[in-house]
Amino acid sequence: MKKLRVGVIGTGVMGQNHLKVYARLGEVELVGIADSKEELVSLLSRKYETEGYTDYQDLLKRNLDIVSIVVPTTLHKEVALDSLSAGVNILVEKPLADTIEAAREIVNEAEKKRLKLLVGHIERFNPAVKRLKEIIEEGILGEIASISCRRVGPYTPRTYDTGVILDLGTHDIDIISYLYKEKVREVYAIAGSEFRSFEDHASLMLRFNNGNAGVIEANWLTPHKVRRLSAVGQEGVATLDFLEQKVIIQDKQWSREAKVEHEEPLMREIKHFIDVVKNDKEPLVSGEDSIHALAVALAAIRSYQEGRIVKLSEVDNL
């Protein structure tokens, strides 16, 4: 079977992670990479034995099937629309864009061109999340009352055009919505900045359409990285560790660890998108899912700036 031709636009830390995965997959041909940093492009193109470009438009002329877009969020719209115009299926790192209008334009253009779009909400592809989803749907925890997430750690200089809510918070907004199978109705957030122009710590409280609660703590101030989720049900509590890919279930009688088949989430994500493109399937994360996560994040930013609860129905005015 013909190998899919793939490329990567943006070769920072996350872009290099995409490169590593593509290089390990036999069913694709890594056609080229693009980045504005000439020295980095030269280094990586030699390392991965592929073509390097400082203008991504030159890469898009190489008859690609798939391109990973791993550029700063503010550039997502431009690069995504140019890629779709070139007839390429796109995997865009989250958040999909920096505004709802830009995100909708990308989604609409992909539908118009009949091309596949996957937004890189990577935790959807964490095996521990898949297992917790099964546990909830099997009713092991009973009816879920609340889900809380803690995503904290030291600041990484690679993130410079968004705050902690858009960069980290969107992970957990999406995961909690996914586990509940519900959308957020309103959000209240407290946040602040200690050393950046954007917020670097935030606490979000979400109310979903079914009345359930979601709580998110995110910051770039904690010395050690923590990525955990707790789901509280009427029959038990599940604690998920995203980094260790573990799920612990506690009820009135037992504390036990669920069996999780470990795998690198980014590998699962990219393999999923290859399957979506090859076999004309629907992606696990839809464009609308990503727009919802973005809308909640923007509502949270408005909430802490204005010091009030913000309803999602107000987001179109952002």
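Since every read-out is calculated from the coordinates, none of them should be taken as a lab result. Computed from a predicted model, the values in this text were never measured in an experiment. We place every Cβ from the backbone using ideal geometry, glycine too, and count neighbours over all the protein chains shown.
Worth a mention:
- When the chain is treated as a Gaussian network with alpha carbon springs shorter than 10 Å, the biggest mean-square fluctuation among 77, 183, 20 belongs to 20.
- Two-site label geometry, residue 196 and residue 55: point separation in nm, points 7 Å out along Cα→Cβ: 3.2 nm
- Using C-alpha pairs under 8 Å with a sequence gap of at least 6, the mean separation divided by the residue count of region 56-201 gives a relative contact order of 18 percent.
- Close amide H partners of residue 120, meaning residues 5 or more places away or on another chain with modelled amide H under 5 Å apart, are 92, 93, 94.
- Contact order for region 21-94, expressed relative to its length and based on alpha carbon pairs under 8 Å spaced 6+ residues apart, stands at 24 percent.
- For the chain, the longest principal axis of the C-alpha atoms and the axis of helix 127-137 are separated by about 40°.
- Gain in span if fully extended, residue 282 to residue 203, counting 0.36 nm per residue against the direct Cα distance: 25.1 nm
- Summing charges over neighbours of residue 235, with a neighbour being any other residue whose Cβ is under 14 Å away from its Cβ, gives -2 when K and R count +1 and D and E count -1.
- Phi to ³J(HN,Hα) by Karplus 6.51 cos²θ - 1.76 cosθ + 1.60 over region 210-215, Hz, x for Gly, Pro: 8, x, 5, 10, x, 10
- Over all projection directions, the Cα-based convex hull of region 262-317 averages an area of 5.8 nm².
- Rounded tilt (10° steps) of 265-279 against the dominant C-alpha axis of the chain: 60 degrees
- Sequence-distant contacts, meaning Cα pairs under 8 Å at least 6 residues apart, place the relative contact order of the chain at 18 percent.
- Beta bridges from DSSP with both residues in the chain: antiparallel share about 60 percent, rounded to the nearest 5.
- Rg over Rh, two decimals, the chain (C-alpha only, Kirkwood Rh): 0.97
- 222 nm mean residue ellipticity, helices alone, for the chain (DSSP H n ≥ 4; -39,500 (n - 2.57); rounded to 500): -10500 deg cm²/dmol
- Scaling the Cα radius of gyration of region 89-166 by the globular reference 2.2 N^0.38 Å produces a ratio of 1.45.
- Karplus-derived 3J(HN,Hα), 6.51/-1.76/1.60, for each residue of region 103-119, Hz, glycine and proline x: 4, 5, 5, 5, 4, 5, 5, 4, 5, 4, 7, 6, 10, 7, 10, 10, 9
- Remark: for residue pairs 181/246; 130/311; 77/133; 183/225; 47/281, the C-alpha separation exceeds 24 Å in 130/311; 77/133; 183/225; 47/281.
- Backbone phi angles across region 35-42, fed through the Karplus curve with coefficients 6.51, -1.76 and 1.60 (θ = phi - 60°), yield HN-Hα couplings of 6, 6, 8, 4, 5, 5, 4, 4 Hz in residue order; Gly and Pro are listed as x.
- Cα centroid of region 48-94 to Cα centroid of region 172-212, whole Å: 30 Å
- The orientation-averaged shadow of the Cα convex hull for region 159-308, equal to a quarter of the hull surface, comes to 11.1 nm².
- Crossing angle, helix 76-85 versus the chain [Cα axis fit, 0-90 degrees, rounded to tens]: 50 degrees
- Förster radius 35 Å - calculated FRET efficiency between residue 243 and residue 185, Cβ distance, rounded to 0.05: 0.70
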